[in-house]
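Reading through the structure tokens given below for one structure.
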Amino acid sequence: MKLYFSLFFCIPRTAFGSLRRRGAMQKAWASIQPNQEPAPPSDGPGPAVLEVWPSTVQNKLSDQFYSLFLETEINFGGEGGLLADQVWNGDFETLGRGMRWWKPDDDDDPIMRDDKEMHLRETVDGEETDLAEPIPNASDFRPWTSVGGASLAIVREGRGANPHMLKISGGKEGSGAANPGYWGIGLRGGVAQEVSLRAKVGGPTLRAQLCVEGDVLAGADLKPKGAARGGWQTYTAMLRPDTVLVGKGSRSAELRLLVPPNSEATIDHVSLVPTDAIAGLFRKDIFDALKALRPGFVRFPGGDYLEGTGPRTRWNWKRTIGQPSDRKGHYNSAWDYWVRDRLGFFEMLQLAEALGSEPVLAIPTGLQLNKLHYGITRYGEPPANSSWAQEALDAIEFATAPAQGSNWGGFRAAMGRSEPFKLTKVEVGNEERTDKNMVPDPETGYVGLTRGATGEKPDAAGGYSGRYRAITDALWKRHPDMTVIASGQWKEEYDMSDNPCLNGQRCDMWDEHFYRSPDDMVGELLERYDKEHYDRKTMPNVFVGEYSAISSIPPKNDNTNTLIAAIAEASFALSLERNADVVKATAFAPVLANVGGSQWPHVLLKFDSDRLVKTPSYYALQMLRNSLGTHTVRQAARGGIDKWTAAVTILEGNGKTVAVKLANYCPSTQEVEVKLHDAQILHLNATTLAPDTPMALWGAPNYLGKEQEYVSRPERNESDIVEEVTPRPLLVNTTQSELNGGRLRVKLPGWSFSVVHVVLR
């Protein structure tokens with residue numbers, strides 16, 4: 001028999017400084033030392049004891065534990081990160097719309113501008129808009145810059161999906177346009193990169209180069225591909241950077257497109273994709289890191305990104321499919337930057353499949369964020385009617401219908417995918433919870449909600465409950481086996497009468513989100529789903545769709561990734577395992593952040609154009625996922641430590657491997673005695689996520705750069721990635737007599753999460 005169990009400890013924290021350690025960790029190999037007596041207990045509370053009865057099986061664990069919420073666009077984590085294409089504003093439709101273009105006079109950091117003069121009030125191209133979308137500037141081609149004195153201008157042809165393009169008028173030799181990518185073009189080991197674009201060229205062909213501070217690392221003439229249409233032709237070239245030069249300042253590389261002397265060219269749909277991109281779409285190092293987590297599911301697209309602030313700025317799946325050149329793009333008003341919709345519905349389905357995960361699709365209800373009156377959002381589009389249900393049904397048909405006999409299935413096949421995707425779970429809305437204590441906003445008249453609003457008193461027509469009913473009635477009529485997740489979360493100040501899970505409607509699961517400081521996560525959430533607090537008869541099964549421990553380094557309050565945050569997250573996760581009879585799925589959020597444009601820096605993976613760093617939260621999640629079992633078993637805890645919890649699970653297979661998961665949310669070393677009834681221990685090894693020195697600090701983050709954990713403008717040519725906290729072997733001292741009796745003692749370092757694998761005789 002194989003089993004896993006988990007244990008959490010906490011004592012009141014003592015005062016300690018904020019010294020940050022640097023350098024590699026000293027390694028200590030796990031071992032059994034049967035001839036050595038155990039070390040005496042540390043100062044403070046005595047050892048805690050966990051008793052386990054492996055033969056008494058309790059709750060089944062879902063494989064959906066420890067998954068991912070990939071908000072498609074936040075932190076430039078999609079375009080500028082996961083999406084392998086490195087060209088920013090490659091179709092020239094951004095037109096200056098985005099917070100990252102605007103800078104205050106006294107600071108280089110970009111800011112969000114909420115003054116009404118900077119935003120639209122009427123329509124764009126005949127479409128209704130909203131105040132959160134900046135005014136487009138038809139002369140703004142940033143981040144493109146002129147090279148060699150060339151003249152650059154945005155020109156427009158027609159009214160299609162992408163009517164704008166860049167005209168380059170060259171002069172001398174070496175003139176043209178340059179694109180810096182998303183805070184640099186990544187060369188990652190000198191991998192060859194394919195540049196592609198459409199162009200009308202008024203002379204000999206264009207030339208493409210990859211350059212670093214004027215030094216040419218790679219160059220090639222662009223060759224025509226296919227027949228010309230209306231003067232336009234597709235051009236491609238393969239750029240192979242000089243491996244000698246790669247790594248020396250390569251993180252500031254830019255793509256240059258040069259025109260012949262005294263000639264001109266008009267270009268559009270420019271892309272630069274490394275040849276090692278997964279499926280030609282996904283940046284390899286980011287994809288590999290996600291795949292190593294083995295997520296049970298991938299929830300997308302949002303989150304706030306799903307909702308936007310109006311009809312133009314919300315996520316609409318139909319605008320994200322088809323050929324990339326036919327996608328119009330939209331202003332991401334939730335996170336304030338323009339997106340090309342290149343990481344669309346089709347690509348996210350491909351991603352989930354490539355990761356070996358299930359997709360969980362969030363579908364809109366009409367909820368809109370209100371950025372100009374932040375915290376008061378509304379249902380700005382029509383109340384529940386056939387349109388919202390039909391949008392959901394069409395999305396499911398696109399993903400799951402056969403290629404023959406289905407309009408949307410045929411559309412998917414035309415994109416190159418005849419075989420249906422697996423889609424068995426959808427979520428209706430996001431964070432739509434009525435706050436019963438709020439009153440109408442005096443300027444807008446909208447009824448305030450914690451994360452959503454009805455625009456009127458919640459009722460069958462205007463509130464979330466009514467919209468949920470209209471969508472699910474239609475959905476289950478056509479797909480009776482589809483699992484539907486409701487936006488939910490119970491809290492005393494919420495008006496739960498507008499929650500479908502508590503007013504008699506079918507609700508397979510509801511989605512609860514938790515963003516807390518590490519102290520609050522440990523102090524408030526570890527007993528949330530225990531039977532004394534969560535009624536199994538009246539409350540629904542739980543889908544923890546978003547969680548992370550934030551705001552962790554005093555005196556700053558900046559959502560910084562620290563070891564302490566990771567330990568709090570692991571502690572919370574262990575409490576979810578313990579309540580696997582009601583908790584059916586969990587997902588960390590958010591996941592990705594480009595440090596050049598990060599709005600929410602507490603994530604699993606941070607990166608710039610060349611480098612990737614795994615945060616302590618990443619490693620904690622990986623340890624949890626790799627030690628997930630199939631069932632919990634009976635266990636009992638006793639001892640002298642203030643707070644601790646345990647979850648014991650069994651792994652499949654015929655072996656007898658026991659894994660003990662232990663989180664120590666304290667600065668001091670803690671000793672734990674584990675008693676496995678009716679068992680003998682043959683062998684063990686242990687892994688811990690912890691600093692290797694006594695800790696007199698508020699956490700050890702993994703970061704890019706020398707002096708800062710988070711930087712909005714990465715310092716180029718500084719240090720390599722620093723990963724201060726990575727899993728390492730843990731030394732376990734025990735006696736032969738203890739092993740024969742099924743007992744072991746584990747010394748947990750301060751601020752640590754550990755997993756001890758034990759082979760039973």
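Read the figures in this text as sums done on the coordinates, not as results from a lab. Bear in mind the structure is a predicted one, so any value in this text is a computation, not a measurement. We place every Cβ from the backbone using ideal geometry, glycine too, and count neighbours over all the protein chains shown.
Residues 501, 507, ranked from the fewest to the most other C-beta atoms within 10 Å, line up as 507, 501. Around the Cα centre of segment 136-274, unit charges on the Cβ atoms of Lys, Arg, Asp and Glu (plus for the first two, minus for the last two) sum to a dipole of about 320 debye. Ordering 757, 602 from the fewest to the most neighbouring beta carbons within 10 Å gives 757, 602. Near residue 264, the amide H atoms lying under 5 Å from its own belong to 170, 202; only residues 5 or more places off or on other chains count, and H is placed 1.01 Å from N. Enclosing the Cα atoms of segment 136-274 in their convex hull gives a volume equal to 109 cubic angstrom per residue.
Inverting the pair-averaged 1/r between distinct Cα atoms of segment 514-554 gives 11.7 Å as its Kirkwood hydrodynamic radius. In plain terms, the residue of 677, 269 with the fewest other Cβ atoms within 10 Å comes first and the most crowded comes last, giving 677, 269. Measuring spread by the Cα atoms of segment 190-238 yields a radius of gyration and Dmax of 12.2, 37 Å.
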